[in-house]
1. From the set of residues in segment 99-116 that are modelled with pLDDT of 95 or more and among the charged types (D, E, K, R), which is nearest to residue 140 (Cα to Cα)?
2. If you take the residues in segment 86-107 that are charged (D, E, K, R) and without any contact (Cβ under 8 Å) to a residue 60 or more places away in the chain, which one is farthest from ligand 2 (Cβ to nearest atom)?
3. Do we find that residue 115 is more than 16 Å from ligand 1 (Cβ to nearest atom), open to solvent by 10 Å² or more (accessible area, probe 1.4 Å), in contact with an Asp or Glu (Cβ under 8 Å, 6 or more places away or on another chain) and more than 28 Å from residue 308 (Cα to Cα) in this structure?
4. Hey, any hits in segment 43-50 for a residue that's in contact (Cβ under 8 Å) with a residue 40 or more places away in the chain, more than 25 Å from residue 339 (Cβ to Cβ) and more than 16 Å from ligand 2 (Cβ to nearest atom)?
5. Scanning for something open to solvent by less than 10 Å² (accessible area, probe 1.4 Å), closer than 27 Å to residue 65 by Cβ, in contact (Cβ under 8 Å) with a residue 40 or more places away in the chain and within 16 Å of ligand 1 (Cβ to nearest atom), does segment 160-173 turn up at least one residue?
6. Report whether or not residue 138 is aliphatic (A, V, I, L, M), touching a Pro at 6+ places or on another chain (Cβ under 9 Å) and open to solvent by 20 Å² or more (accessible area, probe 1.4 Å).
7. Exactly one of (1) touching a strand residue (DSSP E or B) at 6+ places or on another chain (Cβ under 7 Å); (2) closer than 16 Å to residue 303 by Cα; (3) not polar (S, T, N, Q) is unmet by residue 146. Its number?
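The values are calculated or read from the model by the stated rules, or taken from the named source; none is laboratory data. From a predicted model like this one, the values you see are computed outputs, not experimental measurements. Neighbour counts are summed over all protein chains in view; Cβ atoms, including those assigned to glycine, are modelled from backbone coordinates with ideal geometry. Quick note on the areas: whole protein, heavy atoms, side chains included, nothing else; ligands and nucleic acids left out. Shrake-Rupley method; radii C 1.70, N 1.55, O 1.52, S 1.80 Å.
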Amino acid sequence: MRGVVFDGTRTEVVDDLEIRDPGPGEVLVAVAAAGLCHSDLSVIDGTIPFPVPVVLGHEGAGVVEAVGPGVGHVKPGDHVALSTLANCGACAQCDRGRPTMCRKAIGRPGRPFSRGGKPLFQFASNSAFAERTVVRAVQAVKIPDDLPLTSAALIGCGVLTGVGAVLNRAKVGLGDTVVVIGTGGIGLNVLQGARLAGALTVVAVDSNPAKEAVARQFGATHFLTSAEGVRDILPDGADHAFECVGRTELIRQAIDLLDRHGQAVLLGVPAASAEASFLVSSMYLDKSILGCRYGSSRPQRDIALYADLYREGRLLLDELVTETYPVEDFAKAADDAHHGRVARGVLVF
Ligand SMILES: [Zn+2]
Ligand SMILES: [Zn+2]
């Protein structure tokens, strides 16, 4: 079968990939569509260190092909969106509703794929850039059959991360003020999360003026090409500032834009060794800096909720899909994503 493999030097679309059968508590999914997220490119450029060879991709949707022993919540033929969170479901963190903090979900990549008898790693417990993948039962979330799979594919990373950061981590409230720095795939989802939460003023900041229309479509009430104008709109600062780019000077900017009791939420991913600085005195008056892993999501609940909100017309998914590509065109999709020409490119099988 076909898939996108990174061997540490080169990224290649191969057609001789094999996948093992699902074991106990696992699901075999025929992937129909998979979004190309910057984290995939970060593996290729080394920002996210990951063992190789690895099958890339981590936001996808498809159809269940087989289930292993003990799986009862989905059956062959069901449509599913995939999460990257292979949490155990049985530890104290899982039990208290924080599956993103499950220690068993982090740092133990499996190798369900092989090529010519040699095993390949699975990226983010997911590897959606393969015609078939095996995930843990907890990662396969049933979605209605009438959801286009190209749109549903985006829920599992961009939407969970961006909307989840607003609703689950920041807990933006009705009438709050929000600044979103960066309007790529994550930033647009933060914008629509802010709209869902009932934020009153939502300022999008992106150095690319061509992003204004899409930012407003997703929920921005104001658009600026530089953060310098934010104080003209919000003289006291913002209740919530989301950094969605991953640059340390923008993290500093987000902190400097906070109102009293404001919070800066860090979603962008700079290099693992990056250090940021801020004025300690700027943090007085109950301000906070929040990290956020994967939208602090509970995927079985949140993916189903976002699918319902989409069907009600309250959550935009189709509009995130700027372009679809056959998987063979991975290089073009990666180039378009790298240069910010697409909100999301989606590979289809
Ligand atoms: Zn992602
Ligand atoms: Zn757990």
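1. The residue in question is 111.
2. Residue satisfying both the conditions and the ranking: 96.
3. The answer is yes for residue 115.
4. no
5. yes
6. It is true that residue 138 is aliphatic (A, V, I, L, M), touching a Pro at 6+ places or on another chain (Cβ under 9 Å) and open to solvent by 20 Å² or more (accessible area, probe 1.4 Å).
7. The one condition residue 146 does not meet is (1).
This table checks each residue for (1) on the phi > 0 side of the Ramachandran plot; (2) charged (D, E, K, R); (3) away from ligand 2 (no atom under 16 Å from the Cβ).
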residue	(1), (2), (3)
116	yes, no, yes
119	no, no, yes
122	no, no, yes
126	no, no, yes
129	no, no, yes
156	no, no, yes
169	no, yes, yes
174	no, no, yes
184	no, no, yes
